[in-house]
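Note sheet for the following structure.
What follows draws every value from the coordinates through simple rules; no lab data is involved. Just so you know, these numbers come straight off a predicted model, no measurement behind them. A quick note on method: Cβ atoms are made from the backbone with ideal geometry, for glycine too, and the neighbour counts reach across all protein chains shown.
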C-alpha cells in the first residue's frame, strides 16, 4: 500500500481507497486511461499542412469562444507566452493565446487534444511519464518545471486547487509534443472545449476555409477602450 494525494483536497490517503475519507471524492484505482507505461510507443511528429492559418476569430456572443485565464511560468515550460493574464480565443481553424502584444496561434492540425484537469489531478499523475499520454490526454511535454511548480501540495500546507485548460500540441520548431496549462473558470473551460469541437465539425461539414481576420486585433482593442472611456465619461457626468 502506498500513500497518494487526493486530487480534490490534497490530503494523503491510501492508493487502495475507494473514496477519500476526508472529502468523499471517489477515487479511480485502476490506472487504465490515466497513464501509459514506459514501454508504450512514443508519439511521433505528424505531417502538417503547409497552410497553418487559424482563420477568423469566432465572435464570443455565446460566451464559449474565449477564456480569460492565467499563464504561470512556474507551471509551464513554454517561454514564448508571458507570465500573467492571458486570453485563449477560438478561431475557425485553431486557437490563439493572446497576452498584451503577444499572439500565440496554434492550428487545429497541431492540436493533439484539449482537456480540462485540476491541479490535484496533475500533481498525482505519474511524474516519470514524460512525453506520453497521461491523465486523460495530458502530454506534459518536458515536465520538470511543471512538477517543480506544482509539487508544493502536502499535508503541511493549505491546499488550494485550480482548474486548467490543457492544450496539448505539436511545436513546429522542435517537432515535439508540448503542453500549455492555463488556469481559469472550470465551467468556461469545458464550454470552450465543446465549442472548439463543434467548430471543427463545421469545418468538415461545410468545407470551411481559413480566412484572415477582417479586423486586426489592435483595432478591436482600440474600439473596446474607446467604448469603455465613453461609458465612464457619461457615468461621471450624470
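Between residue 15 and residue 118, what is the label-to-label distance in nm when each label sits 7 Å out along the Cα-to-Cβ direction?
The two pseudo-label positions are separated by 2.0 nm.
Test of understanding: ordering 64, 185 by Cβ neighbours within 10 Å, fewest first, what list do you get?
Going from sparsest to densest Cβ surroundings: 185, 64.
When a footprinting reagent is the concern and you count Cβ atoms within 10 Å, what order do 208, 194 take, fewest first?
Ascending number of Cβ neighbours within 10 Å: 194, 208.
Using a simple spin-label model with points 7 Å from Cα along the Cα→Cβ vector, what separation in nm is obtained for residue 22 and residue 236?
My value for the distance between the label points is 4.9 nm.
Expected output is a single nm value to one decimal: the length gained when fully extending between residue 83 and residue 191, i.e. 0.36 nm times separation in residues minus the C-alpha distance. What is it? Mind dumping the intermediate values first?
Values: separation 108, 0.36 × 108 = 38.88 nm, distance 2.42 nm.
Between residue 83 and residue 191, full extension yields 36.5 nm more.
Work out how much length residue 70 to residue 101 would gain on full extension: take 0.36 nm times their residue separation and subtract the Cα-Cα distance, in nm to one decimal. It would help to have the intermediate numbers written out before the result.
On the way: separation 31, 0.36 × 31 = 11.16 nm, distance 1.57 nm.
Once the chain is fully extended between residue 70 and residue 101, it gains 9.6 nm.
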